[in-house]
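Single-structure report; data block below.
The values are calculated or read from the model by the stated rules, or taken from the named source; none is laboratory data. Predicted model only: the values in this text are computed from it and were never measured. Here the Cβ is made from the backbone with ideal geometry for all residues, glycine too, and neighbour counts use every protein chain on show.
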Amino acid sequence: MPLQAKHIVEEISGTHCTIVEKGATAQRVEFLKKLLTFNGFEVISAEDKKEDESAPVTFTIGVTDLVFNPVISVYEMSLKTPSGERVSPAYWDQLKTEIVDQYWVRDEEIIDGTSAWHRRFE
């Protein structure tokens, strides 16, 4: 589930939480749990109810900080990776492992050096 603009608060395992993501895989839960715990949040996850027995197992992830908004935190780049870099939207979505602060710059502009932020002077 991609980032959503709504700030959703629900109860997970008897605790009110800000919902970070619904319908996440076990690997996604592990990634977000490690990232959010490193940033000082208490993370709670719970298995979603299956409508069908053949449906894959999915989880809901939340943090106990009711003021936390994942959209704002990601786009303000206020979260950090364990290596100390800022979390970009592409890193959050697990599309890229390298972090580019200017998330609006296309990969082509970075590679060929045409972006003002990644200009190559030779």
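Conditions (1) touching a residue at least 24 places away in the same chain (Cβ under 8 Å); (2) buried (at least 19 other Cβ atoms within 10 Å of the Cβ); (3) part of a helix (DSSP H, G or I); (4) at positive phi, marked per residue:
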{"site": "Val29", "(1), (2), (3), (4)": "yes, yes, yes, no"}
{"site": "Leu32", "(1), (2), (3), (4)": "yes, yes, yes, no"}
{"site": "Thr37", "(1), (2), (3), (4)": "no, no, yes, no"}
{"site": "Ser45", "(1), (2), (3), (4)": "yes, yes, no, no"}
{"site": "Pro56", "(1), (2), (3), (4)": "yes, no, no, no"}
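Just to verify a result, which residue in segment 58-79, among those that are part of a loop (DSSP other than H, G, I, E, B) and β-branched (Val, Ile, Thr), is modelled with the lowest pLDDT? Reasoning before the result, please.
Within segment 58-79, the first condition is being part of a loop (DSSP other than H, G, I, E, B), and the residues that meet it are 58, 64-69, 76-79.
Next, only the ones that are β-branched (Val, Ile, Thr) stay: 58, 64, 67.
Working: Thr58: 91, Thr64: 95, Val67: 94.
Checking each candidate, the answer is Thr58.
Restrict the check to segment 22-40 and report whether at least one residue is touching a Lys or Arg at 6+ places or on another chain (Cβ under 9 Å) and among the small types (Gly, Ala, Ser). For segment 22-40, residues touching a Lys or Arg at 6+ places or on another chain (Cβ under 9 Å) and among the small types (Gly, Ala, Ser): absent. With respect to Glu42, determine if the residue is at pLDDT 95 or above and touching a Ser or Thr at 6+ places or on another chain (Cβ under 6 Å). Yes: the conditions hold for Glu42. Anything in segment 1-21 that is aliphatic (A, V, I, L, M), surrounded by 14 or more Cβ atoms within 10 Å (Cβ to Cβ) and in a strand (DSSP E or B)? List them, or say none. Passing the criteria: Ile12, Ile19, Val20. Going by what's in this entry, would Tyr91 be described as free of Cβ contacts under 8 Å to residues at least 12 places away in the same chain, surrounded by 11 or more Cβ atoms within 10 Å (Cβ to Cβ) and out of contact with any Lys or Arg (no Cβ under 6 Å at 6 or more places or on another chain)? Yes: the conditions hold for Tyr91.
Note on segment 77-99: residues that are of a type in the set (D, E, K, R) and over 23 Å from Ile44 (Cβ atoms) amount to 4. Only one of (1) at pLDDT 95 or above; (2) more than 21 Å from Gln94 (Cα to Cα) is not met by Lys34, so which one is it? Of everything listed in (1) at pLDDT 95 or above; (2) more than 21 Å from Gln94 (Cα to Cα), Lys34 misses just condition (2).
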